[in-house]
Each structure stands twice: as C-alpha cells, then as structure tokens.
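Shown next, in structure tokens, is the structure this report addresses.
Just so it is clear, none of the values below were taken in a lab; they were calculated from the coordinates. Note that this is a predicted model, so its numbers are computed, not measured. Here the Cβ is made from the backbone with ideal geometry for all residues, glycine too, and neighbour counts use every protein chain on show.
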Amino acid sequence: MGHFSAQAMELTAAKEGGVVDRINSNEECFEAEGNIVEDIKEMQGWFRSFSCNWQRREGNKVVHELAQFGTRSAGFFTWIEEEPLWLTPFLSADLEANG
C-alpha cells in the first residue's frame, strides 16, 4: 500500500471527485490512492451495510484522535461495548456537531 500523509488524503477526499467519490464509484480507480480505494471497495462486501461519506473535521474528532493514538501506540488495542474514557469527550463533540 502507498504511504500518504493524513493531510494529503484529507485534501484528496475533500476536493471534487475525491476519494469518497472514487469509493462510491463502480469504476476502477487508477489514481495514486487507487490501491487503497480498491481495497476499501473489496472490503465493503464484508458488511451487511456500508456507507462512505465525506465528513468535516469538526464532526470527525473521534477518527482524528484514534489515528493519533494509533501513531503514538505500540501494540494491539480492542474496545468492546464501551469506548476508552479518554475518547468520550470526542464522541460527545462529534454527536453534537453531527446533530
């Protein structure tokens, strides 16, 4: 898989015809991020329901914090039924931002 900075992927996702549109398209993606897009399309079949939408950063704090946690942490973490306490404020902020 290619290596893209978070900022590069965010910019690509936000612009017209970005990553979200490519994921939702039935056409194969030959852009630089195409291998990631095609992997996501393949994995869609693993779920009963799948939806891909672009979300403003203000409503996406949980994803940002989890990504930051992943870059700082070594090891494997699993949370079942309850989120880690440090994530609760971000969940609340996302719920408020997304109405």
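Annotations
- Counting beta carbons within 10 Å around each of ASP39, ASP94 and listing the fewest first gives the order ASP39, ASP94.
- In order along the range 64-72, the Karplus-derived 3J(HN,Hα) couplings, from 6.51 cos²θ - 1.76 cosθ + 1.60 at θ = phi - 60°, round to 4, 5, 5, 5, 5, 4, x, 6, 8 Hz, and Gly and Pro are given as x.
- Loop GluC sites (Glu not before Pro), the range 46-99, which have at most 13 other Cβ atoms in a 10 Å radius of their Cβ (DSSP): GLU81, GLU82
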